[in-house]
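Single-structure report; data block below.
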Amino acid sequence: MEAIQNYKSFNSNKSIEELQYNILKNIMRLENLKLELEFYLTLIDKPIFKNNMMNLYERLANFKSEMKDIDKNRVALLNDSYKHNNHISNKIECDDVACDNFFIKQQDAIELKTFNFHKTISDFKFRLFQYLESVFIN
């Protein structure tokens, strides 16, 4: 089975409740990611690594820096998602196709950002786990 590589929108015929549900689901995932990143930072700071590993501390520092960047992006995406969730209730007042399309395009943009962000997170976790596995004390 091949992983999904590109975002595809299915929002054109969704109700307001479905759109809000999807945004709230993304918000929850982004909020939970904060705890996950904090755990990885704690793990990296523990004395659980083999001695004399070449560039160990530089690589760990790079992962820490990358986590801080990821967290900044997480917060920005979370703020965008909260704003969109607050605005989406205005879709109720839409009485024409142009208005509906505006909210659908906003939803698609947020979902595309979220999709790409989670692809980045998956890649980061893969690299982090692979590296940590190679440097843990047996």
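The table below gives the values:
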{"quantity": "L30 in contact with a helix residue (DSSP H, G or I) (Cβ under 9 Å, 6 or more places away or on another chain), surrounded by 13 or more Cβ atoms within 10 Å (Cβ to Cβ) and either under 30 Å from I137 (Cβ atoms) or of a type in the set (K, R) (or both)", "calculated": "no"}
{"quantity": "From N86, N62, N55, residue being of a type in the set (S, T, N, Q) and closer than 16 Å to A109 by Cα", "calculated": "N86"}
{"quantity": "Any pair with Cβ under 8 angstrom, 6 or more apart, that starts in the range 86-115 at a residue that is open to solvent by less than 70 Å² (accessible area, probe 1.4 Å) and ends at one that is at pLDDT below 70 and among the basic types (K, R)", "calculated": "C99/K91; D100/K91; F103/K91"}
{"quantity": "Yes/no for K46 being open to solvent by 50 Å² or more (accessible area, probe 1.4 Å) and touching a Lys or Arg at 6+ places or on another chain (Cβ under 8 Å)", "calculated": "no"}
{"quantity": "Any pair with Cβ under 8 angstrom, 6 or more apart, that starts in the range 58-71 at a residue that is within 21 Å of N116 (Cβ to Cβ) and free of Cβ contacts under 8 Å to residues at least 40 places away in the same chain and ends at one that is open to solvent by 80 Å² or more (accessible area, probe 1.4 Å) and of a type in the set (D, E, K, R)", "calculated": "D71/K34"}
{"quantity": "Residue match in the range 61-81 (condition: of a type in the set (K, R), modelled with pLDDT under 95, open to solvent by 70 Å² or more (accessible area, probe 1.4 Å) and out of contact with any Leu (no Cβ under 6 Å at 6 or more places or on another chain))", "calculated": "no"}
{"quantity": "Members of the range 1-56 found to be β-branched (V, I, T), at pLDDT 85 or above and assigned to a helix (DSSP H, G or I), listed by number", "calculated": "I23, I27, T42, I44"}
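The values are calculated or read from the model by the stated rules, or taken from the named source; none is laboratory data. All values derive from a computational prediction rather than experimental measurement. Every residue, glycine as well, gets a Cβ built from its backbone with ideal geometry; the counts of neighbours run over all protein chains shown. Side chains are part of the model used for accessible areas, which takes the heavy atoms of the whole protein and leaves out ligands, DNA and RNA. Shrake-Rupley method; radii C 1.70, N 1.55, O 1.52, S 1.80 Å.
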